[in-house]
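Heads up, the thing below is written out as structure tokens.
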Amino acid sequence: MDDSTTVMTKPSTAETGAGTGTVFGVIVAISFCHLLNDMMQSLLPAIYPGLKADLGLTFGQIGLVTLAYQITASILQPLVGLYADKRPTPMALPGGTLFSLAGLTVLSVAHHYWLVLAGAALLGVGSSVFHPESSRVARMAAGGRHGLAQSLFQVGGNAGQALGPLAAALVVVRWGQSSLAFFALLALLSGAVLWNVAIWYRHHGLVRLRAGAGASLADSLPRGHARRGIAILLALIFSKYVYLASLTSYYTFYLIHRFGVSVESAQLHLFVFLTAVAVGTVLGGPLGDRFGRKYVIWFSILGALPFTLLLPHVGLFWTGPVTVAIGLILASAFPAIVVFAQELVPGKVGMISGLFFGFSFGMGGLGAAALGWLADRAGIEMVYQLCAFLPVIGLLTAFLPNIERARH
């Protein structure tokens, strides 16, 4: 049954995917695959100690492995999205998992440095294909609840990033580099799920996406405002992800250095923070749908400022609640930012999704490297004293175009 028939007749629950309602089955499917994808991606750093010892690598060579991954995982994303906007390719979703499968397989047997570089690059390509296309599917299936769809999609990635270190500790650290071949099987599971998503994408998703693009509010904005809005949103992503990198990469070191806690206690604090990030991600999208995305962006970026300024000056007891507040507030920004950007540039859902996902990955990686350099030279506490002012960049939100006004 095609979309026109479904709209004109009274649709059943199963037929809603061809109508205008929210298709939660598709959203949950891509969120689950997002979990698998990001968990597989996060396994790469787990083999660094073994690679360094077995192949006699320097820290500089380890850095090049990360660079090979980041180039394909970040820079390629907007290019993949731009191509998909011009020539939608539903089967690219399951096809992209083959790159992740190949990357993990190569890494599991890599006993030469060039093979390690090749495996890391292939792993990054898999991520570059997955993120823009699956974000596009989230918008197709949203049925007008775009923020909710992006939140549910993004929280799968957050869960995968949190499970990755746990999987590495339980399997990779114990069984070594060759155990990555086991995790490569997860790519086959992801591919099977995405195959069914791609079928829905081909028969129903494209029609829904074109209908939504035709009704875009951004068409009524003055010329040049969309470009300015995208630049501001990228600046906000920079603020958010560099600060989050300070906590995901160095929070445990900060707790151990400043308060003398055990490694186990520090890891528990990190887990609580990552849980807060996941909860904030889920809340941010629906709040944007209900109250307006610009309001959520205001709150989620600038609202964290009092807590980031407070963090370097509180004791251990208050450090936990303060970082939970930071995680909840900052994480609510990303779904609202992505949807706001998609509405600013109608018809370019894939390119915008790839640009923002790729930029966020890149800023997280570059931010972690820069903050590590700062910690080596000025101390770990200086990292949080300096990063405390990053949310001030949220003041740029005042210059975002008012899409809600454009509607009226």
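Quick notes
- Screening the range 218-322 for helices (runs of 4 or more DSSP H) wholly inside it with 2 or more residues that are modelled with pLDDT of 85 or more and within 22 Å of Pro45 (Cα to Cα) returns the ranges 225-259, 263-291.
- A single entry from Gly164, Gly144, Gly160 fulfils the requirement of being open to solvent by 10 Å² or more (accessible area, probe 1.4 Å) and touching an Asp or Glu at 6+ places or on another chain (Cβ under 9 Å): Gly144.
- Scan the range 30-44 for residues that are part of a helix (DSSP H, G or I) and either at pLDDT below 90 or among the basic types (Lys, Arg) (or both) and the total you get is 5.
- Selection count where residues are of a type in the set (Gly, Ala, Ser) and within 15 Å of Leu64 (Cβ to Cβ), scope the range 102-116: 1
- Pick from the range 82-106, criterion part of a helix (DSSP H, G or I) and among the hydroxyl-bearing types (Ser, Thr, Tyr), ranking: modelled with the lowest pLDDT: Tyr83
- Residue check, Ala120 touching a Phe, Trp or Tyr at 6+ places or on another chain (Cβ under 8 Å) and open to solvent by less than 10 Å² (accessible area, probe 1.4 Å): yes
- Looking only at the range 65-93, and only at residues there that are farther than 25 Å from Ala192 by Cα and without any contact (Cβ under 8 Å) to a residue 40 or more places away in the chain, the one that is surrounded by the fewest Cβ atoms within 10 Å (Cβ to Cβ): Lys86
- All told, Gly147 meets the bar of being within 28 Å of Gly25 (Cα to Cα), at pLDDT below 90 and not charged (D, E, K, R).
- Condition met for Ala110 (modelled with pLDDT under 90, more than 19 Å from the chain's Cα centre (by Cα) and over 24 Å from Gly205 (Cα atoms)): yes
- Conditions (1) within 24 Å of Lys52 (Cα to Cα); (2) touching a residue at least 60 places away in the same chain (Cβ under 8 Å); (3) outside any helix (DSSP H, G or I): number failed by His111: (2)
- Condition check for Phe182: among the aromatic types (Phe, Trp, Tyr) and open to solvent by less than 10 Å² (accessible area, probe 1.4 Å): no
- Within the range 256-296, being of a type in the set (Phe, Trp, Tyr), under 20 Å from the mean Cα position of the chain (by Cα) and surrounded by 15 or more Cβ atoms within 10 Å (Cβ to Cβ) holds for one residue alone: Phe273.
- Scan the range 323-360 for residues that are within 20 Å of Pro391 (Cα to Cα) and part of a helix (DSSP H, G or I) and the total you get is 21.
- Here Ile62, Ile71, Ile27, Ile47 are screened, and the one residue that is at pLDDT 80 or above and under 22 Å from Ala368 (Cα atoms) is Ile71.
- Just one of the listed residues (Leu311, Leu374, Leu386, Leu390) is over 19 Å from the mean Cα position of the chain (by Cα), more than 19 Å from Gly147 (Cα to Cα), open to solvent by 10 Å² or more (accessible area, probe 1.4 Å) and touching a residue at least 24 places away in the same chain (Cβ under 8 Å), and it is Leu390.
- Against the test of being open to solvent by 70 Å² or more (accessible area, probe 1.4 Å), closer than 30 Å to Ala149 by Cβ and not basic (Lys, Arg), the options Phe317, Phe299, Phe253 yield a single qualifying residue, Phe299.
The values are calculated or read from the model by the stated rules, or taken from the named source; none is laboratory data. What you see is a predicted model; the values in this text were computed from it and never measured. Reconstructed Cβ throughout: ideal geometry from the backbone, glycine too, with neighbour counts over all protein chains shown. Side chains are part of the model used for accessible areas, which takes the heavy atoms of the whole protein and leaves out ligands, DNA and RNA. Shrake-Rupley method; radii C 1.70, N 1.55, O 1.52, S 1.80 Å.
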